[in-house]
1. Can you tell which of 65, 88, 16 shows the greatest fluctuation in a Gaussian network model of the chain with Cα springs below 10 Å?
2. Would you calculate the separation in nanometres between label points at residue 29 and residue 111, each defined as 7 Å from the Cα along the Cα-to-beta-carbon direction?
3. Tell me, what is the percent relative contact order of the stretch 3-113, built from C-alpha pairs under 8 Å that lie six or more residues apart?
4. Using helices alone, I'd like the mean residue ellipticity at 222 nm for the chain: each DSSP H run of four-plus residues gives -39500 (n - 2.57), total over residue count, nearest 500.
5. Output the 0 to 90 degree angle, nearest 10, between the alpha-carbon long axis of helix 3-29 and the longest principal axis computed from the alpha carbons of the chain.
C-alpha cells in the first residue's frame, strides 16, 4: 500500500472511531433497546474534510460495523481503488476494503483489541 492509500485508510479509521463513540452513547442514552430510533453517524469516507451525517439506527450501523473491513459512507464517497460498494441503503452505502487497505483497517479495528 502506498503512502496515499495508507493516509486515506487512516482517515476512515478515524471516522470509524467517532462512530464507535456515537454508537456507545446512543445505546446507553436509549437503554440499548430501541432499535427504531435514528441517530446521525458520520460518513466514514477517506475525505478528511467530509462532514456529512448519515441517518441510521444503531442496528443498521452495527450490521455494517460487525465486519472490520466494512465502512458506512455517503453515496458517491466510495474510493474504487481501495474499496468496493457492497450495500446501498437510504442515505448511506457500505463499502468493503480490499487488499492491503483491508489488512490495514483490520489491524486498527478498536474491537479487535478487546
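Each reported figure results from applying straightforward, stated rules to the coordinates on display, with no laboratory input. The model shown is predicted, which means the values in this text are computed figures rather than measured ones. We place every Cβ from the backbone using ideal geometry, glycine too, and count neighbours over all the protein chains shown.
1. The residue that fluctuates most here is 88.
2. 2.1
3. Relative contact order here is 24 percent.
4. It lands at -12500 deg cm²/dmol.
5. 10
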